[in-house]
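Just below is one structure, and these are the notes that go with it.
The values are calculated or read from the model by the stated rules, or taken from the named source; none is laboratory data. Bear in mind that the values here come from a model prediction, so they are computed numbers and not experimental data. Positions of Cβ are backbone-derived with ideal geometry, glycine not excepted, and every protein chain shown enters the neighbour counts.
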Amino acid sequence: MSLRVVFRAAARHEFEEAATWYDQQHPGLDEQFLREIDEVVLRAATQPERYPLVFSDVRKAVARRFPYSVFFRVRSECLVSLAVFHGRRDPTIWQHRA
């Protein structure tokens with residue numbers, strides 16, 4: 001059984017901004033990025049405990065092809081995405097959301 005997925009506004013914005021950037025680099029690359037992140041979120045929603053705790057009760061699921069991770073926490077029957085974050089950005093940015 002898979003958890004319902006909710007993106008916080010900041011996470012949704014990061015996700016969309018990154019997709020736009022990838023599309024500007026190479027048309028169509030945004031679709032590949034979107035699919036990759038969707039797959040990461042789906043895997044996390046199916047088995048959230050498989051991902052390591054990285055900050056308090058926040059877990060991290062890493063994309064395979066792109067240098068991004070999804071930071072999330074589980075709340076009742078819901079996976080709450082706090083950030084879709086590039087690996088080279090300062091992590092304190094998303095940590096303030098936790």
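Tell me, yes or no, whether the range 47-58 has at least one residue that is among the charged types (D, E, K, R), surrounded by 12 or more Cβ atoms within 10 Å (Cβ to Cβ), part of a helix (DSSP H, G or I) and modelled with pLDDT of 95 or more.
Here is the first cut: in the range 47-58, the ones among the charged types (D, E, K, R) are 49-50, 57.
Those left that are additionally surrounded by 12 or more Cβ atoms within 10 Å (Cβ to Cβ): none.
Among the residues of the range 47-58, not one is among the charged types (D, E, K, R), surrounded by 12 or more Cβ atoms within 10 Å (Cβ to Cβ), part of a helix (DSSP H, G or I) and modelled with pLDDT of 95 or more, which makes the answer no.
Go through Val5, Val40 for me and flag whichever is in a strand (DSSP E or B) and of a type outside the set (Lys, Arg). Spell out how you get there, then give the answer.
Values: Val40 fails: in a strand (DSSP E or B).
When all the criteria are applied, what remains is Val5.
Give just the number: which of (1) in a helix (DSSP H, G or I); (2) without any contact (Cβ under 8 Å) to a residue 12 or more places away in the chain; (3) not acidic (Asp, Glu) does Leu34 not satisfy?
(2)
Quick one: is Ala45 closer than 16 Å to Gln95 by Cα and touching a residue at least 40 places away in the same chain (Cβ under 8 Å)?
no
Kindly indicate the residue of the range 1-46 that is within 23 Å of Val58 (Cα to Cα) and polar (S, T, N, Q) and also surrounded by the most Cβ atoms within 10 Å (Cβ to Cβ) among those meeting that condition. Talk me through it step by step, then tell me what you get.
Of the residues in the range 1-46, the ones within 23 Å of Val58 (Cα to Cα) are 1-18, 33-46.
Those left that are additionally polar (S, T, N, Q): 2, 46.
Values: Ser2: 14, Thr46: 12.
It comes out as Ser2.
Among the residues of the range 61-98, which ones are farther than 19 Å from Glu16 by Cβ, touching a residue at least 12 places away in the same chain (Cβ under 8 Å) and part of a strand (DSSP E or B)?
Listed by number, the residues that qualify are Val62, Arg73, Val74, Cys78.
Within the range 69-96, can you find the residues that are in contact with a Phe, Trp or Tyr (Cβ under 7 Å, 6 or more places away or on another chain), modelled with pLDDT of 95 or more and of a type in the set (Phe, Trp, Tyr)?
Passing the criteria: only Phe71.
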